[in-house]
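The values are calculated or read from the model by the stated rules, or taken from the named source; none is laboratory data. The model shown is predicted, which means the values in this text are computed figures rather than measured ones. FYI the Cβ positions are ideal-geometry reconstructions off the backbone, even for glycines, and counts take in every protein chain you see.
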Amino acid sequence: MLLRSCFICDHHEIRVEDQIRQSFCRKENCWSRYSKCVARRAIQRFLEEDCLSTPRPFSALSHVYGEE
(Lines give C-alpha, C1' and ligand atoms only; values in the text may rest on other atoms or scores of the structure.)
Protein backbone atom coordinates (compact mmCIF):
# COMPACT_ATOMS: atom_id res chain seq x y z
CA MET A 1 0.00 0.00 0.00
CA LEU A 2 1.34 3.41 -0.95
CA LEU A 3 0.71 6.13 1.62
CA ARG A 4 -0.03 9.58 0.25
CA SER A 5 1.29 11.37 3.33
CA CYS A 6 4.70 9.71 2.90
CA PHE A 7 5.34 11.04 -0.61
CA ILE A 8 6.42 14.45 0.70
CA CYS A 9 9.04 12.91 3.02
CA ASP A 10 12.70 12.71 1.99
CA HIS A 11 12.98 9.27 3.62
CA HIS A 12 10.16 7.75 1.56
CA GLU A 13 10.95 4.90 -0.78
CA ILE A 14 8.72 2.66 -2.86
CA ARG A 15 9.51 -1.03 -2.57
CA VAL A 16 7.85 -4.06 -4.11
CA GLU A 17 6.87 -7.06 -2.00
CA ASP A 18 4.76 -9.90 -3.39
CA GLN A 19 4.25 -7.84 -6.56
CA ILE A 20 2.63 -5.02 -4.55
CA ARG A 21 4.15 -1.56 -4.33
CA GLN A 22 4.45 -0.33 -0.76
CA SER A 23 5.74 2.73 1.05
CA PHE A 24 8.95 2.17 3.01
CA CYS A 25 10.55 4.51 5.55
CA ARG A 26 14.34 4.60 5.20
CA LYS A 27 14.66 6.69 8.37
CA GLU A 28 13.05 4.05 10.59
CA ASN A 29 13.97 1.12 8.32
CA CYS A 30 10.45 -0.32 8.26
CA TRP A 31 7.29 -0.29 6.20
CA SER A 32 5.74 3.15 6.50
CA ARG A 33 2.48 1.83 7.88
CA TYR A 34 4.42 0.73 10.99
CA SER A 35 6.46 3.93 11.38
CA LYS A 36 6.11 6.35 14.25
CA CYS A 37 5.82 9.21 11.77
CA VAL A 38 2.61 7.82 10.28
CA ALA A 39 1.24 7.12 13.76
CA ARG A 40 1.87 10.75 14.77
CA ARG A 41 0.22 12.05 11.59
CA ALA A 42 -2.79 9.78 12.12
CA ILE A 43 -3.24 11.03 15.68
CA GLN A 44 -2.84 14.65 14.57
CA ARG A 45 -5.39 14.21 11.79
CA PHE A 46 -7.83 12.47 14.14
CA LEU A 47 -7.55 15.27 16.69
CA GLU A 48 -8.01 17.97 14.05
CA GLU A 49 -11.14 16.31 12.67
CA ASP A 50 -12.54 15.33 16.06
CA CYS A 51 -12.33 18.70 17.79
CA LEU A 52 -15.36 20.95 18.05
CA SER A 53 -15.48 24.00 15.81
CA THR A 54 -16.17 26.27 18.78
CA PRO A 55 -13.83 25.97 21.75
CA ARG A 56 -15.52 24.98 24.95
CA PRO A 57 -14.19 26.88 27.93
CA PHE A 58 -13.60 24.59 30.86
CA SER A 59 -12.94 25.51 34.43
CA ALA A 60 -14.03 24.12 37.74
CA LEU A 61 -16.65 26.86 38.07
CA SER A 62 -18.12 26.31 34.61
CA HIS A 63 -18.24 22.58 35.31
CA VAL A 64 -20.08 23.06 38.62
CA TYR A 65 -22.46 25.83 37.61
CA GLY A 66 -22.91 25.04 33.93
CA GLU A 67 -24.51 27.52 31.51
CA GLU A 68 -26.60 29.62 33.90
Exercise for review: State which residue pairs qualify: first residue touching a residue at least 12 places away in the same chain (Cβ under 8 Å) and farther than 12 Å from VAL38 by Cβ and inside the stretch 8-27, second residue loosely packed, with under 10 Cβ neighbours inside 10 Å and of a type outside the set (Val, Ile, Thr) in any location, beta carbons under 8 Å apart, and separation of 6 or more residues or different chains.
Suggested key: ILE20/MET1; GLN22/MET1
Exercise for review: Sort out which residues of the stretch 39-68 are modelled with pLDDT under 85, among the β-branched types (Val, Ile, Thr) and not in a loop (DSSP other than H, G, I, E, B), and write them in order of number.
Suggested key: VAL64
Review point. Of the residues that make up the stretch 6-15, is at least one exposed (fewer than 10 other Cβ atoms within 10 Å of the Cβ) and either of a type in the set (S, T, N, Q) or modelled with pLDDT under 90 (or both)?
Key: yes
